[in-house]
1. Could you please find all residues in the stretch 18-69 being more than 15 Å from the chain's Cα centre (by Cα), more than 25 Å from Met1 (Cβ to Cβ) and assigned to a loop (DSSP other than H, G, I, E, B)?
2. Looking at this structure, is Ser102 in a helix (DSSP H, G or I) and under 26 Å from Ala119 (Cα atoms)?
Amino acid sequence: MKPLFLILGAFFIGVGFIGVFVPGLPTTPFVLLASFFFLKSNKRLYSNLSKSRLFGKFIREFHENRGMTVRQKLTAIAIMWCMIGISIYIKSTVWFSLLLISVGILGTLVMGIIIKTAAKGKEP
């Protein structure tokens, strides 16, 4: 299982990194998935990822709080939808807009339902 988890971790960190630059593609859920798979397969990669300047803070907070606070979720969803709106405004073909809206709905569902909500008292 470890080789499969290592491959999945690498895949999800790649998708998460692409999400930093591609409007509408959520970054946080993919980075958190990658950290989960690295934690199960390669402690060194997990440690490096949790110490990274780009993603480390999110991973450490998620691990410490066992989820994301409501505020963190709402902020991530709001930023994602703003970027989707800007992208649709700039590149307004019907199919591109539908694709971005679909990705936005998926990202919203992942953030709202799949990722656990941490207790209010653990807000940073």
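Nothing in this text is a laboratory measurement; each read-out follows from the coordinates by a stated rule. Worth saying up front: this structure is predicted, and the values here are computed from it rather than measured. Neighbour counts are summed over all protein chains in view; Cβ atoms, including those assigned to glycine, are modelled from backbone coordinates with ideal geometry.
1. Hit for the stretch 18-69 is Arg53, nothing else.
2. Details: in a helix (DSSP H, G or I): yes; under 26 Å from Ala119 (Cα atoms): no.
No.
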